[in-house]
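Asks: Mind looking over this structure? Questions follow.
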Amino acid sequence: MAFMGGAATARPQTTVTDPVRVMVVDDSVVVRGLIGRWIDEDPALAVVASHRNGKLAVDDIVRSNPDVVVLDVEMPEMDGITALPLMLKAKPGLVVVMASTLTRRNAEISLKCLSLGAADYVPKPESNSGVTTSAGFRTEVVQKVKTLGQRAQMRGGRGHVSHPEPSPRQAPPVSPAPTARPIASPAPRATTSGAGPSLRPYSSMAPKVLLIGSSTGGPQALTKLFSEIGPAIVNVPVLVTQHMPATFTSILAEHITKAAGRRAAEGVHGEPLMPGRIYVAPGGRHMVVGKQGMETCVLLNDLPPVNFCKPAVDPLFESAASIFGASILACVLTGMGHDGAAGAVRIANGGGSVIAQDEESSVVWGMPGAVAQAGAAAEILPLDQIGSKITRILGGRR
């Protein structure tokens, strides 16, 4: 049963076999009711509390003991950005998923919340009727709550979901999502000693481009990574695909600019690739690379979602593989699903190099885990080692 008003009666402490315990916080009774019903319809999830503002939620965190909070950004009395740090202080390890409509202000607040400790966000339709009819929003809320909640249950809030799952982000709201493409068969590869994924050798050629793909947990990871590699990317263009809707990606580019100390912006159709520039795939469009005359350019398209995502990582990786070959350095960071794995195999089969973020440092080890399991990675590294590795490679060292 979904709760429409105050807190539910507190339940016993969670074990790894219990449903994920969820608190829903939104000033709209309609939204609270819908999200609560969707969650309770999944046997792996259970609503333990529902509140109309942040203050009531903060006061109830200890008693209701949720694993995950779905937290609205805009609410009376106490909004989401004010409630977030108080919730995390009351229950360290709590997973908070921000929900906000697609305005620039709310996108900025949502990204700020990620830097304050929120695990992820979901873009919310602007009207209650939109919430009611959006299959995409429903799918994304349930999938993220389940995946991140099960992660929280593992290892006392420090576990990671390592199995690749199809990511629901930006799935078409009405028509069925396209079937994810199979991952290409990898070519023979070098093997590691002992257990674990097989690794490819790094390319012996100097990179002419750096490609990065990410999803859940990506904004935080990208900020950290670019703060470290900013000085090193002077001689190569950098292309980033982060699963995000429109509005969010332009703000993400601004954050990357500050972190890297170099200009980052959404890619523009037809603009040439320039060394030292950072191109971010705009929300709602795929970004690829192609030739226009003698120049290699950014190309945008409005083709259907790939791996349930738009923008998707695979189109970028695959298009770059056909142009740059063994002169590619790519990195797949934290994220749900397996987007990027097929493209990583293409890059590796062409002689390029792919770095995958490791499981321990990933918010969700879906995308990088799929790359590792496909045998496409040259190395699997924690986030705090990826920046220095990229810097060494771009500097001509290994």
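Asks: Could you check how many residues of the range 259-284 are surrounded by fewer than 19 Cβ atoms within 10 Å (Cβ to Cβ) and either assigned to a loop (DSSP other than H, G, I, E, B) or among the aromatic types (Phe, Trp, Tyr) (or both)?
Replies: 11
Asks: Report, by residue number, each residue of the range 360-375 that is over 13 Å from the mean Cα position of the chain (by Cα) and not in a helix (DSSP H, G or I). So that I can check it myself, show each step before the final result.
Replies: At the first step, the residues of the range 360-375 found to be over 13 Å from the mean Cα position of the chain (by Cα) are 360-361, 369-375.
If the condition is that a residue be over 13 Å from the mean Cα position of the chain (by Cα) and not in a helix (DSSP H, G or I), then 360, 361, 374, 375 are the ones that fit.
Asks: Considering the range 304-320 alone, what residues qualify as being touching a helix residue (DSSP H, G or I) at 6+ places or on another chain (Cβ under 8 Å) and either modelled with pLDDT under 95 or assigned to a strand (DSSP E or B) (or both)?
Replies: Matches in the range 304-320: 306, 307.
Asks: Also, quick follow-up: Select from the range 347-395 the residues that are modelled with pLDDT of 95 or more and β-branched (Val, Ile, Thr) and list them in ascending order.
Replies: Passing the criteria: 347, 354, 355, 371, 380, 386, 390, 391, 393.
Asks: Here's another thing I want to ask about it. If you take the residues in the range 249-282 that are in contact with a Phe, Trp or Tyr (Cβ under 8 Å, 6 or more places away or on another chain) and in contact (Cβ under 8 Å) with a residue 40 or more places away in the chain, which one is nearest to residue 322 (Cα to Cα)?
Replies: Looking at residues that are in contact with a Phe, Trp or Tyr (Cβ under 8 Å, 6 or more places away or on another chain) and in contact (Cβ under 8 Å) with a residue 40 or more places away in the chain, I get 273.
Asks: Show the residue pairs that are 6+ apart or on different chains and have beta-carbon atoms under 6 Å apart, the first residue being within the range 222-234 and assigned by TED's automatic domain parsing to the domain that holds residue 386 and surrounded by fewer than 21 Cβ atoms within 10 Å (Cβ to Cβ), the second being assigned to a helix (DSSP H, G or I) and polar (S, T, N, Q).
Replies: Filtered contacts from the range 222-234: 232/391.
Asks: Shifting gears a bit: State all residues of the range 57-72 that are within 17 Å of residue 99 (Cα to Cα) and surrounded by fewer than 24 Cβ atoms within 10 Å (Cβ to Cβ); if no residue qualifies, say none.
Replies: Correct list: 58 only.
Asks: Check residue 297 against each of (1) within 24 Å of residue 248 (Cα to Cα); (2) buried (at least 20 other Cβ atoms within 10 Å of the Cβ) and name the one condition it does not meet.
Replies: (2)
Asks: Follow-up question, since we're still on this one. Which residues, taken from the range 285-294, are surrounded by 13 or more Cβ atoms within 10 Å (Cβ to Cβ) and either within 20 Å of the chain's Cα centre (by Cα) or part of a loop (DSSP other than H, G, I, E, B) (or both)?
Replies: Those that are surrounded by 13 or more Cβ atoms within 10 Å (Cβ to Cβ) and either within 20 Å of the chain's Cα centre (by Cα) or part of a loop (DSSP other than H, G, I, E, B) (or both): 285, 286, 287, 288.
Asks: Can you find, within the range 235-257, the residue that is modelled with the lowest pLDDT among those that are among the aliphatic types (A, V, I, L, M) and over 14 Å from residue 333 (Cα atoms)? Step through it out loud before you land on a result.
Replies: If we filter the range 235-257 for residues that are among the aliphatic types (A, V, I, L, M), which is where we start, we get 236, 238-240, 244, 246, 251-253, 256.
Restricting the remaining residues to those that are over 14 Å from residue 333 (Cα atoms) gives 236, 238, 244, 246, 251-253, 256.
Numbers: 236: 98, 238: 98, 244: 94, 246: 90, 251: 95, 252: 96, 253: 97, 256: 97.
Top of the filtered list is 246.
Asks: Hey, can you tell me all the residues within the range 381-398 that are crowded, with 19+ Cβ neighbours inside 10 Å and more than 18 Å from residue 205 (Cβ to Cβ)? I'd like the intermediate steps shown before the answer.
Replies: Taking the range 381-398 and keeping what is crowded, with 19+ Cβ neighbours inside 10 Å, we get 381, 383, 386-387, 389-390, 393-394.
Once the filter is applied, which keeps residues that are crowded, with 19+ Cβ neighbours inside 10 Å and more than 18 Å from residue 205 (Cβ to Cβ), the range 381-398 yields 381, 383, 386, 387.
Asks: Please name all residue pairs, on different chains or six or more residues apart, with Cβ atoms under 7 Å, provided the first residue is in the range 37-57 and is over 16 Å from residue 148 (Cβ atoms) and the second residue is among the acidic types (Asp, Glu) and surrounded by fewer than 19 Cβ atoms within 10 Å (Cβ to Cβ).
Replies: 52/27; 53/27; 53/77; 54/79; 55/77
Asks: Would you point out the residue of the range 103-127, among those that are farther than 18 Å from residue 250 by Cβ and surrounded by 15 or more Cβ atoms within 10 Å (Cβ to Cβ), that is modelled with the lowest pLDDT?
Replies: Of everything passing the filter in the range 103-127, 125 is modelled with the lowest pLDDT.
Asks: Output the residues belonging to the range 68-79 that are at pLDDT below 95 and either under 15 Å from residue 114 (Cβ atoms) or not assigned by TED's automatic domain parsing to the domain that holds residue 115 (or both).
Replies: 73
Let's see how each residue does on (1) modelled with pLDDT of 90 or more; (2) in a helix (DSSP H, G or I); (3) outside the structural domain of residue 92 (by TED's automatic domain parsing):
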residue	(1), (2), (3)
151	no, yes, no
163	no, no, yes
169	no, no, yes
201	yes, no, yes
219	yes, yes, yes
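Asks: Residue 354: under 13 Å from the mean Cα position of the chain (by Cα) and either of a type in the set (Phe, Trp, Tyr) or not assigned by TED's automatic domain parsing to the domain that holds residue 95 (or both), yes or no?
Replies: no
Asks: Between 323, 347, which is touching a residue at least 12 places away in the same chain (Cβ under 8 Å), surrounded by fewer than 24 Cβ atoms within 10 Å (Cβ to Cβ) and not in a loop (DSSP other than H, G, I, E, B)?
Replies: Working: 347 fails: surrounded by fewer than 24 Cβ atoms within 10 Å (Cβ to Cβ).
That would be 323, the only listed residue that is touching a residue at least 12 places away in the same chain (Cβ under 8 Å), surrounded by fewer than 24 Cβ atoms within 10 Å (Cβ to Cβ) and not in a loop (DSSP other than H, G, I, E, B).
The values are calculated or read from the model by the stated rules, or taken from the named source; none is laboratory data. Keep in mind that what you see is a predicted model, and the values were worked out from it rather than measured. So basically every Cβ, Gly included, is an ideal-geometry build from the backbone, and we count neighbours across all protein chains shown.
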